[in-house]
Amino acid sequence: MKSKNIKFILIIITILGSIFFRNDLIKGSSINKNEITDQNGILLDIARCPLSKQEIEKVINQINSKKFSYVILHLNDDEHVAFQTKMLKNEDSKNVLSKKDLKEITKDANQHGLTLIPDFDTPGHCKALIKLLKKHSPKLAHKICLNSNTLNYTKSATIKFIKQINGELSNACANQNTRYILLGGDEVAANENNNHALMKYFNELNAFENRHGFRTIVWNDSILKNNNLNNKIVVAYWAQGGGNTSKKILQKEYDNRANVTNLIDHPLINANAGYNYFNLDNLGNLNYITNFINRLNSSAGKNFDLINPQTLTNDPDCYQREIKSSGRLICLWGDKNSKIKINQLLYLIKKINTIQ
């Protein structure tokens, strides 16, 4: 009897071990594959244009999953933090999603054939976050804030703080086969002296997410030509020049900022600002929507928004034949913290579903 019990226990241990091993393989597979770079996605700015859980689910269910494979929820910007986190004590804030909400939205997206990607933009675009931090944790705010809208990415305390927030997000969005999180990097002031520290900031957050089975994404405009960014990090390329139009600034950005060729070893998402960006202030403008769809259809999938060195202007028609990926990210941005009409947004999604 004793021998049989031991044999039974050994069988159970073997079965459990194989299950855990399979789980590790599943996590590893989500890190090694670049699924989203060859597929289309939609970014929804709910930090500046808040939507309820039910409204987000309506949008998700409107998206054609045969043409789009993922949805990015932009949860943090200067105007608002749209995620309820214990680190900011914003449980009583209006228009915030709880971890339970995100879990249910993730489940709904998966059932509709879409991956849900949380986007918590740091270290820039953090004015609303810093206000909350100063209110509830003034000592920590003094320690990790660089200025009124930027966290001090050179401080280990900042990385620890953001890991805790991103850990909450990762946990809420973990129950899916393909797991990504967008770390940010949008419009961060980091000259050559500080850029090494900024890339180190993203590398550490990337390593943290990798350990939890997530791949990471950052925006391109904080990356210089000579950089130390881990080449496993996915780069969402919106514009080499960012939002700048000054020839003097564009000359400087052309000389310093990474172009597409400089990032050839990274998985790349084409988020071409000249074609793929829609300002949600124009939701009720049917002519604007028609022109947006026509422009999307006229753009080649390998056209990127780079700086033209002859004219020193932003050129969204720079064809990059060496890029292997073919997917596009369509970004629905808000410029101010304003409520939008859900029926108008659903109409826009319906039109986006028609792109070639």
Note: among Asn206, Asn226, Asn210, Asn194, just one is at pLDDT below 95 and part of a helix (DSSP H, G or I), namely Asn194
Note: among Lys139, Lys134, just one is assigned to a helix (DSSP H, G or I), modelled with pLDDT of 95 or more, surrounded by fewer than 17 Cβ atoms within 10 Å (Cβ to Cβ) and in contact with a helix residue (DSSP H, G or I) (Cβ under 8 Å, 6 or more places away or on another chain), namely Lys134
Just one listed residue, out of Thr106, Thr178, Thr158, Thr154, is touching a strand residue (DSSP E or B) at 6+ places or on another chain (Cβ under 8 Å), more than 19 Å from Arg48 (Cβ to Cβ), part of a loop (DSSP other than H, G, I, E, B) and hydroxyl-bearing (Ser, Thr, Tyr), and it is Thr178
Of (1) surrounded by fewer than 23 Cβ atoms within 10 Å (Cβ to Cβ); (2) at pLDDT 95 or above; (3) polar (S, T, N, Q), Gln240 fails just (1)
Per the filter on the range 37-62, residues assigned to a loop (DSSP other than H, G, I, E, B) and within 18 Å of Thr178 (Cα to Cα) are Gln39, Asn40
Note: among Ile165, Ile217, just one is in contact (Cβ under 8 Å) with a residue 12 or more places away in the chain, among the β-branched types (Val, Ile, Thr) and surrounded by 22 or more Cβ atoms within 10 Å (Cβ to Cβ), namely Ile217
Checked pairs for the range 41-69, first farther than 16 Å from Val81 by Cα, second hydroxyl-bearing (Ser, Thr, Tyr) and surrounded by 18 or more Cβ atoms within 10 Å (Cβ to Cβ), C-beta under 8 Å and 6 or more apart or across chains, list as Gly41/Ser69; Gly41/Tyr70; Ile42/Tyr70; Ser69/Thr115
Of the candidates Asn287, Asn353, Asn291, the one satisfying the condition of being more than 20 Å from the chain's Cα centre (by Cα) and exposed (fewer than 12 other Cβ atoms within 10 Å of the Cβ) is Asn287
Subset of the range 328-341, residues crowded, with 17+ Cβ neighbours inside 10 Å and over 10 Å from Pro50 (Cα atoms), comes to Arg328, Leu329, Ile330, Cys331, Leu332, Trp333
Subset of the range 279-304, residues touching a Cys at 6+ places or on another chain (Cβ under 8 Å) and without any contact (Cβ under 8 Å) to a residue 60 or more places away in the chain, comes to Asn303
Pairs returned, first residue in the range 126-143 that is closer than 13 Å to Val81 by Cβ, second residue that is of a type in the set (Ser, Thr, Tyr) and at pLDDT 95 or above, beta-carbon separation under 8 angstrom, 6 or more apart or interchain, are Cys126/Thr150; Lys127/Ser148; Leu129/Thr122; Ile130/Ser148
**OP:** Test Leu10 against the stated conditions and say whether it is more than 30 Å from Ala128 (Cβ to Cβ) and either in a helix (DSSP H, G or I) or modelled with pLDDT of 50 or more (or both).
**Re:** yes
Selection over the range 305-323 where residues are in a loop (DSSP other than H, G, I, E, B) and either touching a residue at least 12 places away in the same chain (Cβ under 8 Å) or surrounded by 17 or more Cβ atoms within 10 Å (Cβ to Cβ) (or both) yields a count of 6
Reported set for the range 298-342 where residues are closer than 20 Å to Asn262 by Cβ and of a type in the set (A, V, I, L, M) is Leu306, Ile307, Leu312, Ile323, Leu329
Of (1) small (Gly, Ala, Ser); (2) under 18 Å from Leu129 (Cβ atoms); (3) under 16 Å from the mean Cα position of the chain (by Cα), Ala174 fails just (2)
Note on the range 240-297: residues aliphatic (A, V, I, L, M) and out of contact with any Leu (no Cβ under 8 Å at 6 or more places or on another chain) are Ile249, Leu263, Ile264, Leu268, Ala273, Leu286, Ile293, Leu296
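The values are calculated or read from the model by the stated rules, or taken from the named source; none is laboratory data. These numbers were taken from a predicted model, which means no experiment stands behind them. Reconstructed Cβ throughout: ideal geometry from the backbone, glycine too, with neighbour counts over all protein chains shown.
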